[in-house]
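The structure under discussion appears below in the form of structure tokens.
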Amino acid sequence: MSEKLYIFDTTLRDGEQSPGCSMNLAEKLEMARQLDRLGVDILEAGFPVASQGDYDAVLAIAEEIRRPTIAALARANEFDIDRAWAALKGAAKPRIHTFLATSDIHLKYKLRKTREEVLKMISWAVGHASSLCQDVEFSPEDAGRTDRSYLIECCHAAVEAGATVLNLPDTVGYCLEPEYEKMFADVKAGVPGIEKVILSTHTHNDLGLAVANTLAGVRGGARQVECTINGIGERAGNAALEEVVMAVYVRRDVEPVYTDIHTEQLYAASQLLIRLTGMVVQRNKAIVGRNAFAHEAGIHQDGYLKNAITYEIISPETVGMPTNHIVLGKHSGRHALANRYKELGYDLTKPEIERAYELFTRLADRKKNVYDEDLISIVNEGFEHIPELYTLKLLESVSNSEGRSTATVELERDDQSYRESATAEGPCDAAFRAIDRITGMQGTVTDFSVHSLGAGPDGTAEVCIRARFQEKEFFGKSISYNVVEAAARAYLQAANKGVYEIRRAAKESASCRSSVHENELVDRLLPGGY
Ligand code: KIV
Ligand code: ZN
């Protein structure tokens with residue numbers, strides 16, 4: 001009989017702590033809501049001791065998201081555990097997740113502790129966490145490279161001290177599948193009382209084996225898997241949730257487990273994470289990549305058209321991926337739009353529908369057919385939490401074959417219009433420079449990509465931009481019929497985020513320095529007096 005496999009999502013902890021993936025509080029909450037819709041069983045909301053932002057995020061998620069268990073990470077010491085508990089204790093189902101490295105490499109070079117000292121720390125930390133919270137997970141960090149008999153001793157200490165979940169991380173992504181599977185079998189066989197706890201996998205993708213190792217861990221007896229949306233995470237990332245879930249789903253004929261994930265929410269979760277972090281996935285990414293369901297070769301297309309099962313093991317609908325059919329045109333109303341979003345897995349609020357409708361009509365005015373992909377991009381572009389200080393009213397762009405381009409941009413801020421022109425090597429750069437002249441902030445574009453949505457003359461350009469303003473990088477994304485316009489809008493979105501962040505940082509620092517009047521300081525710190 002198939003057993004339940006618990007899905008532990010760590011997108012907001014292991015994922016978020018990796019470079020280029022940080023999110024603010026509102027963004028973390030939005031992601032947490034989607035993870036809830038997706039049906040994850042445990043949601044690791046952060047590492048409260050790492051920063052005030054992490055603490056606040058765990059607190060807010062614990063308060064709002066009531067269905068799944070909410071976990072928070074803590075090192076194996078009193079301060080971390082108490083801080084995690086302070087953030088977590090309002091949760092409907094809280095879990096403290098404490099960890100300590102157990103491999104000799106970590107003991108010698110990082111912790112500078114003996115095996116006996118580490119064993120004592122585990123007993124104490126798990127015991128302390130259990131005195132606060134009924135649900136305690138313990139992770140022997142770098143379990144994959146830990147001496148097996150010592151690992152068993154550490155796991156025994158944790159179980160005796162009250163751990164309810166034992167997670168065996170392959171922290172550095174070093175294990176091969178048979179080794180990872182055997183570690184579970186050995187711990188299962190060697191730790192007295194193991195039947196009272198759930199064993200968990202936690203794998204990293206340094207050798208590209210994270211998902212395979214996760215499945216190997218399940219074969220070894222794990223009934224919880226730790227993973228992240230799109231596989232984001234430290235270095236090469238963690239096991240991708242969507243891949244693990246779909247492997248278990250598609251191969252339910254051989255896998256001994258099932259999950260309670262609503263698979264039709266996977267694509268929306270993936271897209272939301274991309275929008276929030278700017279970490280795009282490669283086109284051929286399994287399950288959620290743009291090409292994951294595209295059939296190009298003639299023989300494949302022929303077979304597919306005769307019967308989809310010839311070349312398709314999962315239908316795009318199963319993971320909520322939109323197909324390319326025409327959905328709406330310029331005469332479609334709000335109701336049709338809201339319905340289509342529902343079908344695509346987006347449960348939009350009334351104000352969100354209004355915003356989506358505004359962007360949809362802008363697009364439909366210039367493009368005969370609006371596709372599912374356009375609708376998803378609209379949501380991804382239009383639902384920024386950052387207030388749009390500047391909005392684009394007009395863009396004129398002239399280029400010549402000598403390589404010089406001129407752009408004139410009109411932006412609106414607080415009902416006032418500002419117009420500037422600039423000349424540069426290319427039309428996009430000219431538009432960015434004109435925007436800089438108005439905002440008073442000089443941006444440097446660090447990443448720029450263009451994708452076409454839809455084929456032929458009816459295709460739309462989707463532009464993703466990363467731009468640095470005052471040492472910080474911001475992400476912007478937009479779609480338009482016109483590539484230069486999409487680029488200008490994406491750049492402006494990043495600039496608006498820059499302005500917002502600079503304002504927020506200035507206000508925070510003003511409130512710490514009561515001798516200076518807040519607005520005075522804000523004015524002084526901001527270019528152009530925002
Ligand atoms: O990779 C790892 O070991 C971790 C632990 C904190 C679980 O992320
Ligand atoms: Zn990890």
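The table that follows gives values for the structure above.
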read-out: Members of region 120-149 that are among the aliphatic types (A, V, I, L, M) and under 20 Å from Ala189 (Cα atoms); value: Ala143
read-out: Subset of region 139-170 [within 16 Å of ligand 2 (Cβ to nearest atom) and assigned to a loop (DSSP other than H, G, I, E, B)]; value: Asp142, Thr146
read-out: Some residue of region 22-38 being out of contact with any strand residue (DSSP E or B) (no Cβ under 8 Å at 6 or more places or on another chain), within 16 Å of ligand 1 (Cβ to nearest atom) and closer than 17 Å to Leu241 by Cα; value: no
read-out: Conditions (1) surrounded by fewer than 14 Cβ atoms within 10 Å (Cβ to Cβ); (2) under 16 Å from Lys477 (Cβ atoms); (3) among the β-branched types (Val, Ile, Thr); number of the one not met by Thr423; value: (2)
read-out: Test: residue in region 183-196 that is under 18 Å from the mean Cα position of the chain (by Cα), crowded, with 19+ Cβ neighbours inside 10 Å and among the aromatic types (Phe, Trp, Tyr); value: no
read-out: In region 21-55, residue surrounded by the fewest Cβ atoms within 10 Å (Cβ to Cβ) [restricted to those that are of a type outside the set (A, V, I, L, M, F, W, C) and within 15 Å of ligand 2 (Cβ to nearest atom)]; value: Glu44
read-out: Conditions (1) closer than 15 Å to Gly231 by Cβ; (2) outside any loop (DSSP other than H, G, I, E, B): number failed by Ala189; value: (1)
read-out: Filter pass, Val49 being more than 18 Å from Ala143 (Cβ to Cβ), touching a residue at least 12 places away in the same chain (Cβ under 8 Å) and in a loop (DSSP other than H, G, I, E, B); value: yes
read-out: Residues located in region 221-241, provided they are more than 14 Å from ligand 1 (Cβ to nearest atom), surrounded by fewer than 24 Cβ atoms within 10 Å (Cβ to Cβ) and closer than 24 Å to Ser18 by Cα; value: none
read-out: Only listed residue being buried (at least 24 other Cβ atoms within 10 Å of the Cβ), more than 16 Å from ligand 2 (Cβ to nearest atom) and either more than 23 Å from Ile376 (Cβ to Cβ) or of a type in the set (Val, Ile, Thr) (or both), chosen from Val218, Val254; value: Val218
read-out: Criterion violated by Ser18 - all others in (1) surrounded by fewer than 24 Cβ atoms within 10 Å (Cβ to Cβ); (2) more than 15 Å from ligand 1 (Cβ to nearest atom); (3) assigned to a loop (DSSP other than H, G, I, E, B) satisfied; value: (2)
read-out: Residue within region 96-107 that is of a type outside the set (Phe, Trp, Tyr), surrounded by fewer than 18 Cβ atoms within 10 Å (Cβ to Cβ) and not in a loop (DSSP other than H, G, I, E, B) present; value: yes
read-out: Segments classed as helices (runs of 4 or more DSSP H), wholly inside region 206-311, with at least 1 members that are more than 20 Å from the chain's Cα centre (by Cα) and modelled with pLDDT of 95 or more; value: 210-220, 241-250
read-out: Cβ-Cβ under 6 Å pairs, at least 6 apart or on other chains, region 8-19 side within 11 Å of ligand 2 (Cβ to nearest atom), far side among the basic types (Lys, Arg); value: none
read-out: Residue count, region 21-35 (criterion: within 25 Å of Arg466 (Cα to Cα) and in contact with an Asp or Glu (Cβ under 8 Å, 6 or more places away or on another chain)); value: 6
read-out: Residue in region 116-136 that is among the aromatic types (Phe, Trp, Tyr) and away from ligand 1 (no atom under 16 Å from the Cβ) present; value: yes
read-out: Residue in region 111-120 that is under 29 Å from the mean Cα position of the chain (by Cα) and assigned by TED's automatic domain parsing to the domain that holds Arg95 present; value: no
read-out: Number of positions in region 228-238 that are farther than 15 Å from Ala286 by Cα and either out of contact with any helix residue (DSSP H, G or I) (no Cβ under 7 Å at 6 or more places or on another chain) or more than 9 Å from ligand 2 (Cβ to nearest atom) (or both); value: 2
read-out: Failed item, numbered, when Gly173 is tested on (1) outside any loop (DSSP other than H, G, I, E, B); (2) within 16 Å of ligand 2 (Cβ to nearest atom); value: (1)
read-out: Pairs, first on the phi < 0 side of the Ramachandran plot in region 210-225, second surrounded by fewer than 23 Cβ atoms within 10 Å (Cβ to Cβ) and among the aromatic types (Phe, Trp, Tyr), C-beta under 7 Å, six or more apart; value: Gly217/Phe184; Gly220/Phe184; Ala222/Phe184; Arg223/Tyr6; Gln224/Tyr6
read-out: Qualifying residue in region 39-51 (condition: more than 25 Å from the chain's Cα centre (by Cα) and under 19 Å from Ser200 (Cβ atoms)); value: no
read-out: Residues within region 478-488 that are in a helix (DSSP H, G or I) and surrounded by 24 or more Cβ atoms within 10 Å (Cβ to Cβ), tallied; value: 3
read-out: Region 249-269: number of residues that are over 13 Å from Arg37 (Cβ atoms) and out of contact with any strand residue (DSSP E or B) (no Cβ under 6 Å at 6 or more places or on another chain); value: 9
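The values are calculated or read from the model by the stated rules, or taken from the named source; none is laboratory data. Predicted model, so just to flag it, every value in this text is computed and none were measured. Backbone-built Cβ (ideal geometry, glycine too); neighbour counts: all protein chains shown.
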